[in-house]
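Take a look at the structure set out below.
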Amino acid sequence: MSQNASDRWLYAWAGANVAIGAISLLVPLFVVGLGGTAFDLGVLWFATSVAMVPGALGVGALVDRTGRHRPFALAGLGGIAVATAVLPFLDGVLAVVLVDSVLWLCVASVSPVFTTLVLADTSAREWSGRIARLSKYQGYGWAGGLVLGAVWTRAVGSLLDPLAVQRSLLVVCAGLLVAATLAAARWLPRVADAPDAEDFGRRPRTLRTARGALSPLLPGRLVSLARTSDPRSLLDGVSRPLAVYLAAVSVFFAGFSVFSAPLPDFLAGVGFGDDAVYVLYVVSSLSSAAFYVGAGALADRYDIRRLQSGALGLRALAFPAVAVAAYALSAPSLTSLLGVALLNVAVGLSWAVIAVTANTLVARYAAPGRRGAALGLYTALSSGAGGIGGLLGGWLAARTGYLLTFEVAGALVLVGGLVVFGLRWLAPEQASDASAPASAD
């Protein structure tokens, strides 16, 4: 796929991510506004993370079987829009948790679809550049959503009470998602990739029906998968290097969530107001967005496993440093805000490298014809591990304090990084597969 008019769908995906980025921080604030506690926020993090698992697993595999991206992308975007439109009318924390879980199930369903779409009709040497391009659009959209949240909260806050401000922003996000879905319907390519005929022919006939096509979108699909005659079929095409890498993904994503889940509460606890919290999140997101293309260029020049392990090491140091800086620089002073912001830049830059190299590693280690399934498995494992990490982070913060919590987060990320670095010896034949230049952005 050349970088021409056929890539206009990236603008639709960026627009959707404006809404998704705003929602990512808005819904937790909405839960607090409805009377939710820190425990409720932990439950929200866990529920939404677990809900992402079946969507990522099912749709990634279906893209491989059918070679079609468009219907799954539109269904996922439409589902996100509907769930967002329902949220402003809810008054209970449990209802918000349930609807938000559906929302993130749809997000997880869409993510591997767009990743496989951006890699369609490209050679392996172009993958890092293409994933960087996708991540750039997604990242700028997400950061734009956080900016939207900050601006909307300040502009409308003088006119409405906080809960009404949050509801009104959810309505705006729903409108953005409807517009993004309509744009995607117009711009997404209609030509399907040809699925592997031999593999598709082995699938049960029911999977080719409408019911079979929709069932992987539902949590009950996990039950039916568990009842198959050979549960190991879930791991078809998972090579030893991919299995080891996915294990590392589970460890370092758990570490990410041990840090991220209680972070808003930590920032508020040391004295940062909502506007400062938004600023810190925007700094991190913009740092990622601005560096995605640079991360792709680095991935084309260096061994991506060593590059990713270095980024993970940087994150492992930055997580506890956030707590040290906030305490040592007497938050919420301007000095402490600048110090934490600089650390958030490091967190954001490292994420850009991790996001680009992770998708590239999964795509390269996946068996032919199983790329979508492998990317879906990656999303599912990262989401599930993130849910567990979020619960662990909330529990540790409540029992032991934030400095130890962030140290545990850093330790988990460091362990995952060491495993990634070790892949250089487990799969030495992959050492130079990223050396060819990617297409320019």
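The values are calculated or read from the model by the stated rules, or taken from the named source; none is laboratory data. The structure displayed is predicted, hence computed values, not measured ones. Please note: Cβ atoms are built from the backbone with ideal geometry, for glycine as well, and neighbour counts cover all protein chains shown. Side chains are part of the model used for accessible areas, which takes the heavy atoms of the whole protein and leaves out ligands, DNA and RNA. Shrake-Rupley method; radii C 1.70, N 1.55, O 1.52, S 1.80 Å.
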Query raised in the report: Once amide H atoms are built 1.01 Å from N in the peptide plane, which residues 5 or more positions from Ala366, or in another chain, come under 5 Å H to H?
Result: none
Query raised in the report: Mind ordering 77-83, 393-399 by average Cβ neighbours within 10 Å, highest first?
Result: 77-83, 393-399
Report summary line: Yeah, region 378-419 with a ≥ b ≥ c from its alpha-carbon gyration tensor (a/c under 1.5 is rounded, else prolate when a/b outruns b/c, oblate otherwise) is oblate
Report summary line: The percentage of the accessible area of region 232-347 (probe 1.4 Å, all protein chains present) made up of carbon and sulfur atoms, to the nearest whole number, is 67
Requested in this report: May I ask you to list the residues of region 166-181 whose amide nitrogen lies under 20 Å from a point 7 Å from Cα along the Cα→beta-carbon direction of Leu98?
Outcome: none
Query raised in the report: How many angstrom lie between the C-alpha centres of region 87-108 and region 110-143?
Result: 27
Query - Separation between Cα centres of region 276-294 and region 374-416, rounded to whole Å - result: 21
**Report entry** Centre separation in Å (Cα based) which lies between region 145-192 and region 334-351
**Finding:** 26
**Report entry** Accessible surface, per residue, of region 118-190 when the full set of protein chains is kept, probe 1.4 Å, Å²
**Finding:** 45
Query - Protection proxy ranking of 307-315, 352-360 - average other beta-carbon atoms within 10 Å, highest first - result: 352-360, 307-315
